[in-house]
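Undergrad: Structure below; questions to follow.
The values are calculated or read from the model by the stated rules, or taken from the named source; none is laboratory data. What you see is a predicted model; the values in this text were computed from it and never measured. Cβ coordinates were reconstructed from backbone atoms using ideal geometry, including for glycine residues, and neighbour counts include every protein chain displayed.
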Amino acid sequence: MTIMGPFARRVLVPALALALATAALAAPGATADPPRPQDLGTDVRVFDPSTPVAEIQAALDATHAARVDDEMGTRRHAFLFKPGTYGTAERPLHIKVGYYTEIAGLGSSPTDVVVNGKVEVYNRCLADGGAGNCLALVNFWRTVSNLTINVEAGGQDGCRSSANFWAVSQAVSLRRLNVTGGTFSLMDYCTAGPQYASGGFIADSRLPQVVNGSQQQWLTRDSEVAGWSNGVWNQVFSGVEGAPADTAFPNPPYTTLDRTPLSREKPYLFVDDAGRYQVRVPQARRDTRGVSWADGPTPGRTVPLTDFFVAKPTDSVRDINRQLARGKHLLLTPGVYDVARGIEVKRPGTVVLGLGHATLTAVGGSTPLNVADVPGVVIAGVTIDAGTEESPVLLRVGHKNTRGWSVPGNPTTLSDVYFRVGGPHVGKTDTALEVNSDHVLIDHTWVWRGDHGVEGFTDTQRWQTNTGRTGVVVNGDHVTATGLFVEHFQRYNTVWNGEHGTTVLYQNELPYDPPTQADWMNGAVEGFAGYKVGDRVKHHTLHGGGVYVFNQNNPSIHTENGFEVPTTPGVRLRHIMTVNLSAGTIDHVVNGLGEAADTTRVGVPVYVTEYP
């Protein structure tokens, strides 16, 4: 999350191996009746086209009113729409999406569910509950997917009629959307200023003209856009039809990859023609471009929901692990799960899918989620929180110093998996995400050590109490990250030790709260780079990266480099930058190259187009 100036928020492999990897988790036969909607959890609401628009609108409005300011709350919600049309030109459906809320269609294609109206997020005006300090810098944790939005039937007047507004920052995803008509704006320009927004992710979507506006960084992957305007610091397009060219970088600051090197779309729940709930699990693909559903169903496999253990927060981890050991997949219904003994995913091809930002919280220093060194596991839609006793790691994929089983064509995948250390409560961990397996895909994550929360700490107290040394450690080879957002950790935010790693968009804010320079020293070096590639690594690629500094606790603090990498031909960084957000200094962009991002150039990035 980013602030500016005075508006600081305080806030392929042998065929046999591939076949084994795909079939190893032969799901149990579907013998039970399909679950009823109420079996998906008390905070899941399933609508069908026969439901009166007024009833749907009232339910959505009530939840939005309760969640719009509930940044650190514990309620979680999912609103699911069966195939059909919702709203009309005369009575459009207007969905406003608050914290911890998921809006999703239950069709096999995004065109199966049509919303005549809008699905929106606006700025929050934070100064005094009035019209001051209106921004989207803390609009986190919300999801929209698998539907069509017909914006032309928006039904609003004045400025609000000019676009579908999606003013958000980190931990927010748009997936499998078909947006027709109008304009799609990633900032809310209808409120008072400053209207800042910071972050975001779109995948597998077809969009009209997009106004980027004040969005400081954004990744659009494997999509189609009719047009794109504006860019602030770091706008990355990967496999996007209609994406702008990047030949004039950094003016505008566009980074464009013709194709995405490795992708796998997030699993999604749908209802088949017989009314049965199913989960579509897309397959991994290489060199992708455009939407996966343009010529029919997204390539992949379909798993009946009866092959999932549908868990609720009241279920014990022992029961969850027993079901996983039996060969079940896992669906986490909305809520907060206290995890004193880690959830163990040991079988290849297992799917763990969270609804409504289901949240796992470490208890007693546990590691809430462990994934074995096996291929094809998919973890999606899950948030993992540190607890009050220090955990060694919050999510571990594979184990160090062991020979794991990996398959290039079937990578273990993390989609919309988010991490928090502090914020809703005190949090402590050594590392948030540790990837030891080879051939892993990280498709959109926000790894956040909280710079604000409900704890009521001063910055110095937060530095000593909400502790997180490292955000992401990658030890495995051939790991790909598309959308890696990591912020505020107390040493290196990201350490990449594996060979042949690739990152497509990296965004980092250094910690705001080191009390003194002595607290922010890496031996004799001032500070820790936001992105560190291990000294022995020979091959690594980064497309579009930014490291930001805001040492609000002590503006005199220096960080020597935003990026630190071995100087070797196989390690290449393309389109990287540092920027000062009003306090502290990053002396160089990478390895002593690049001017200082200091308070003489607040909000003005320092760019390095290629390194080396």
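Undergrad: Test of understanding: among Ser437, Ser406, which residue is under 28 Å from Arg574 (Cβ atoms), at pLDDT below 95 and either over 17 Å from the mean Cα position of the chain (by Cα) or among the aromatic types (Phe, Trp, Tyr) (or both)?
TA: Criteria check complete, one pass: Ser406.
Undergrad: Examine the stretch 549-570 for a residue that is closer than 21 Å to His452 by Cα and part of a strand (DSSP E or B), and state whether such a residue exists.
TA: Looking for residues that are closer than 21 Å to His452 by Cα and part of a strand (DSSP E or B), one finds at least one in the stretch 549-570, hence yes.
Undergrad: Run down Thr516, Thr585, Thr578 and say which single residue is surrounded by fewer than 21 Cβ atoms within 10 Å (Cβ to Cβ) and among the polar types (S, T, N, Q).
TA: Only one candidate qualifies: Thr516.
Undergrad: Mind checking which pairs have a first residue in the stretch 387-414 that is of a type in the set (Val, Ile, Thr) and a second that is surrounded by fewer than 19 Cβ atoms within 10 Å (Cβ to Cβ) and assigned to a loop (DSSP other than H, G, I, E, B), Cβ under 8 Å, 6 or more apart or different chains?
TA: Between residues of the stretch 387-414 that are of a type in the set (Val, Ile, Thr) and residues that are surrounded by fewer than 19 Cβ atoms within 10 Å (Cβ to Cβ) and assigned to a loop (DSSP other than H, G, I, E, B), the close pairs are Thr388/His425; Val407/Val13.
Undergrad: While we're looking at this one, here's another question. Being exposed (fewer than 15 other Cβ atoms within 10 Å of the Cβ), outside the structural domain of Leu484 (by TED's automatic domain parsing), over 18 Å from Tyr512 (Cα atoms) and hydroxyl-bearing (Ser, Thr, Tyr) narrows it down to one of Thr599, Thr609, so name that one.
TA: Residue meeting the stated conditions: Thr609.
Undergrad: Hey, can you tell me all the residues within the stretch 371-413 that are under 27 Å from Val172 (Cα atoms) and among the aliphatic types (A, V, I, L, M)?
TA: If the condition is that a residue be under 27 Å from Val172 (Cα atoms) and among the aliphatic types (A, V, I, L, M), then Val371, Val377, Val378, Ile379, Ala380, Val382, Ile384, Ala386, Val393, Leu394, Leu395, Val397 are the ones that fit.
This table checks each residue for (1) within 22 Å of Asn410 (Cα to Cα); (2) touching an Asp or Glu at 6+ places or on another chain (Cβ under 7 Å); (3) at pLDDT 95 or above.
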position: Val317; (1), (2), (3): no, no, yes
position: Leu330; (1), (2), (3): yes, no, yes
position: Asp338; (1), (2), (3): no, no, yes
position: Gly349; (1), (2), (3): yes, no, yes
position: His357; (1), (2), (3): no, yes, yes
position: Ala380; (1), (2), (3): yes, yes, yes
position: Ile384; (1), (2), (3): no, no, yes
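Undergrad: Test of understanding: among Asp513, Asp535, which residue is of a type in the set (D, E, K, R) and more than 17 Å from Arg469 (Cα to Cα)?
TA: Checking each option against the conditions leaves just Asp535.
Undergrad: Ok, one more. Within 18 Å of Gly530 (Cβ to Cβ) and basic (Lys, Arg) - does that describe any residue in the stretch 448-468?
TA: Taking every residue of the stretch 448-468 in turn, at least one turns out to be within 18 Å of Gly530 (Cβ to Cβ) and basic (Lys, Arg).
Okay, residues lined up against (1) at pLDDT below 95; (2) of a type outside the set (Val, Ile, Thr); (3) within 24 Å of Asp246 (Cβ to Cβ); (4) more than 26 Å from the chain's Cα centre (by Cα):
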| position | (1), (2), (3), (4) |
| --- | --- |
| His558 | no, yes, no, yes |
| Val571 | no, no, yes, no |
| His588 | no, yes, yes, yes |
| Leu593 | no, yes, yes, yes |
| Ala596 | no, yes, no, yes |
| Thr609 | no, no, yes, no |
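Undergrad: Between a residue in the stretch 99-119 that is under 15 Å from Trp293 (Cα atoms) and any residue that is β-branched (Val, Ile, Thr), which pairs come within a Cβ distance under 6 Å, given they are 6 or more apart or on different chains?
TA: Listed by first residue and then by second, the contacts come to Gly105/Val113; Leu106/Val271; Gly107/Val113; Pro110/Thr148; Thr111/Thr148.
Undergrad: May I ask you to list the residues in the stretch 229-247 that are surrounded by fewer than 17 Cβ atoms within 10 Å (Cβ to Cβ), modelled with pLDDT of 95 or more and out of contact with any Lys or Arg (no Cβ under 7 Å at 6 or more places or on another chain)?
TA: Of everything in the stretch 229-247, just one residue is surrounded by fewer than 17 Cβ atoms within 10 Å (Cβ to Cβ), modelled with pLDDT of 95 or more and out of contact with any Lys or Arg (no Cβ under 7 Å at 6 or more places or on another chain), namely Ala245.
Undergrad: For the stretch 121-129, state whether one or more residues are hydrophobic (A, V, I, L, M, F, W, C), more than 24 Å from the chain's Cα centre (by Cα) and surrounded by 22 or more Cβ atoms within 10 Å (Cβ to Cβ).
TA: No: zero hits.
Undergrad: Condition first: crowded, with 24+ Cβ neighbours inside 10 Å and in contact with a Lys or Arg (Cβ under 6 Å, 6 or more places away or on another chain). Now tell me which residues in the stretch 451-478 satisfy that.
TA: Gly468, Thr470 - these are the residues of the stretch 451-478 that are crowded, with 24+ Cβ neighbours inside 10 Å and in contact with a Lys or Arg (Cβ under 6 Å, 6 or more places away or on another chain).
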